[in-house]
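S.K.: Before I ask anything, here is the structure I am working with.
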Amino acid sequence: MKKIFLLLGTLLVLASGACGYFLYQNKQLYHDSLAAAEAAIEKKDYRNAAINVERALFLKKNDEEALAYKAQLEPALALKGQDLDVDFVTSQSKKILRIPKGSAELKAQARAMQEKVAELQEEKKAFHNNLTELQAALRQNDLVKAESELTILNKACDQAAHLVTICQERNTLALEFETAVATKEESLQKELLAAKELLLAGDYLAAKEIVVPIAEMKTVKGLTNVQLQAKKLQGIILQQDKIEKAM
């Protein structure tokens, strides 16, 4: 009988030890799973981080810390691989930051996202101001100013989600600018033709009044050829002035 009790006692001790070891192993695996999730988050591998968090929850159901990780990773996964939509990034990063516990690294990444969003919003605001200036320049037929604003707007990336409307409006105004340049070129060509006729008629003074403003005006790339023609005529007029003074 004593041997039986001794055997039972030994079995209970062994069972208790095995149970304790099993609990220790589970606890260690739980911590390792969360550590692996944190390491994956640092690499922005949110899918692998989510797998490790699910493993942690399997080992320790309804654990507050693991649930916080899971809640944080849901919006992070929604952001991964998506186009950078400013409003969507803002809403998802706020969800991450609202969770009191969880990954400190993921919260840092969410703050970085918000800073990036703020930069994008400032960029959009600046380009919008350029659009306003371009519209005003086109209304006033100020082609030099319009070209300057359009040059800045051409730096806006067509593929950037936050600049889609900016780029669409820029493209429309760019066509309007090209039309305005073509109209101006046609008008200047007519003036130069009139100046050439005056030169042939020997009326250098009248021709000079037409040619000099065109030759010396601030202009845009689309009108450089016209201006070059005006400068050549200006050279002829200057040469005639020298001849007259020498006589």
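The values are calculated or read from the model by the stated rules, or taken from the named source; none is laboratory data. The shown structure was predicted, so the numbers you read here are calculated from the model rather than taken from an experiment. In this analysis, Cβ positions are derived from the backbone assuming ideal geometry, glycine residues included, and neighbour counts consider all displayed protein chains. Heads up: the accessible areas ignore ligands, DNA and RNA and are worked out on the full protein's heavy atoms, side chains in. Shrake-Rupley method; radii C 1.70, N 1.55, O 1.52, S 1.80 Å.
S.K.: Give, in nm to one decimal, the length gained when the segment between Lys116 and Glu186 is fully stretched (0.36 nm per residue of separation minus the Cα-Cα distance).
M.R.: Contour length minus the Cα-Cα distance gives 20.5 nm.
S.K.: At a threshold of 8 angstrom on Cα-Cα distance, excluding pairs fewer than six apart, so keeping six or more, what relative contact order does the range 173-247 reach in percent?
M.R.: This gives 30 percent for the range 173-247.
S.K.: With r as the distance between the Cβ atoms of Ala201 and Leu228 and R0 = 30 Å, compute the FRET efficiency 1/(1 + (r/R0)^6) and round to 0.05.
M.R.: 0.80
S.K.: Just list whichever of Lys95/Lys155; Lys43/Lys155; Lys70/Lys95; Lys60/Lys107; Lys43/Lys107; Lys44/Lys94 have alpha carbons separated by over 21 Å in the model shown.
M.R.: From Lys95/Lys155; Lys43/Lys155; Lys70/Lys95; Lys60/Lys107; Lys43/Lys107; Lys44/Lys94, over 21 Å: Lys95/Lys155; Lys43/Lys155; Lys60/Lys107.
S.K.: Right, something else. Carbon and sulfur atoms: what percent of the 1.4 Å accessible area of the range 33-105 do they account for?
M.R.: Its accessible area is 50 percent carbon and sulfur atoms.
S.K.: Right, next: Only helices at least 24 Å long along their own axis, judged from Cα atoms, and with Kyte-Doolittle mean hydropathy of 0.0 or greater: name those in the chain from DSSP H.
M.R.: Span-like helices, by this rule, are 2-42, 164-200.
S.K.: Once Cα extents along the principal axes in Å is worked out from the coordinates, which option in [x] 147, 31, 20; [y] 55, 53, 28; [z] 64, 47, 30 does it equal?
M.R.: Answer by label: [x].
S.K.: To make sure I understand the rule: partners must be aspartates and glutamates, Cα under 19 Å from the Cα of Lys27, and not fewer than 8 residues away in the same chain. Which ones qualify?
M.R.: By straight Cα distance, Lys27 reaches Glu38, Glu54, Asp63, Glu64, Glu65.
S.K.: Something else about it: Give, in nm to one decimal, the length gained when the segment between Asp45 and Gln240 is fully stretched (0.36 nm per residue of separation minus the Cα-Cα distance).
M.R.: 62.4 nm
S.K.: Restrict the search to the range 151-197; then list the trypsin sites (Lys or Arg not before Pro) that DSSP places in a loop and that have at most 14 other Cβ atoms within 10 Å of their Cβ.
M.R.: Loop-located and lightly packed - Lys155.
S.K.: Also, quick follow-up: Counting only other residues whose beta carbon sits under 14 Å from that of Tyr46, what net charge do I get with K and R as +1, D and E as -1?
M.R.: Here the count lands on +1.
S.K.: Can you list the lysines whose alpha carbon sits under 22 Å from that of Lys208, skipping same-chain ones fewer than 8 residues off?
M.R.: Within the straight-line limit of under 22 Å, Lys208 reaches these lysines: Lys184, Lys190, Lys196, Lys218, Lys231, Lys232, Lys242, Lys245.
S.K.: So how do Glu169, Glu122 rank on accessible area, 1.4 Å probe, biggest first, that is with the largest at the start?
M.R.: Reading off the accessible areas and sorting them downward yields Glu122, Glu169.
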